[in-house]
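Trainee: Just passing along the structure, written as structure tokens.
The values are calculated or read from the model by the stated rules, or taken from the named source; none is laboratory data. If you're wondering where the values come from, they're calculated on a predicted model, not measured in any experiment. A quick note on method: Cβ atoms are made from the backbone with ideal geometry, for glycine too, and the neighbour counts reach across all protein chains shown. The protein model used for the area step is the full one, side chains on, heavy atoms only, and it has no ligands, DNA or RNA in it. Shrake-Rupley method; radii C 1.70, N 1.55, O 1.52, S 1.80 Å.
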Amino acid sequence: MGFRKVVVRQSAAESIAEISWYLESEGLLATAEKFTDEAYDFIEKLGDSRKGYRVCREPIRDALGFKCIPYKKKYTIVFIELDTEIIICEFILSKRIYW
């Protein structure tokens, strides 16, 4: 089983950190840590070279060649899929995608 290199851009890492920080500010320390660990574990699994992903349904991201995958029904991970690597560009609320 081959794996592609997974690169998380700074903007996506900051988005995950902001969500985690919000959970911590609500007093949910364990939940914040669990969310961050699970998000990065999910992102790491995107590197499986046996899988292919569909393009985003949003016209702007589709035109740019981005691919999207939902995470826990509430978030969307936007990335670029190449033969040797996956580049995670955005980790956003699904509500912010308009199509």
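Trainee: Of the conditions (1) at negative phi; (2) touching a helix residue (DSSP H, G or I) at 6+ places or on another chain (Cβ under 9 Å), K73 clears all except one; give me its number.
Mentor: For K73, the failing item is (1).
Trainee: Now, a different point. Any idea how many residues of the range 62-81 are assigned to a strand (DSSP E or B) and open to solvent by 50 Å² or more (accessible area, probe 1.4 Å)?
Mentor: Final tally of qualifying residues: 2.
Trainee: Provide a single number: the residues in the range 82-95 that are within 14 Å of the chain's Cα centre (by Cα) and outside any strand (DSSP E or B).
Mentor: Matching residues across the range 82-95 total 1.
Trainee: Out of everything in the range 29-56 that is of a type in the set (A, V, I, L, M) and part of a helix (DSSP H, G or I), what residue ends up being most open to solvent (accessible area, probe 1.4 Å)?
Mentor: Here the answer is L29.
Trainee: As an exercise: evaluate P59 against (1) touching a strand residue (DSSP E or B) at 6+ places or on another chain (Cβ under 9 Å); (2) open to solvent by 30 Å² or more (accessible area, probe 1.4 Å) and give the number of the one condition it does not meet.
Mentor: Only one criterion in (1) touching a strand residue (DSSP E or B) at 6+ places or on another chain (Cβ under 9 Å); (2) open to solvent by 30 Å² or more (accessible area, probe 1.4 Å) is unmet by P59, namely (1).
Trainee: Out of the residues in the range 82-93 meeting the condition of being out of contact with any helix residue (DSSP H, G or I) (no Cβ under 6 Å at 6 or more places or on another chain) and open to solvent by less than 40 Å² (accessible area, probe 1.4 Å), tell me which one is farthest from E14 (Cα to Cα).
Mentor: Selected residue: I86.
Trainee: How many residues does the range 16-52 hold that are within 13 Å of the chain's Cα centre (by Cα) and not polar (S, T, N, Q)? Spell out how you get there, then give the answer.
Mentor: Taking the range 16-52 as the starting set, the residues that turn out to be within 13 Å of the chain's Cα centre (by Cα) are 16-17, 19, 35-47.
If we keep only those that are not polar (S, T, N, Q) as well, we get 16-17, 19, 35, 37-47.
Final tally of qualifying residues: 15.
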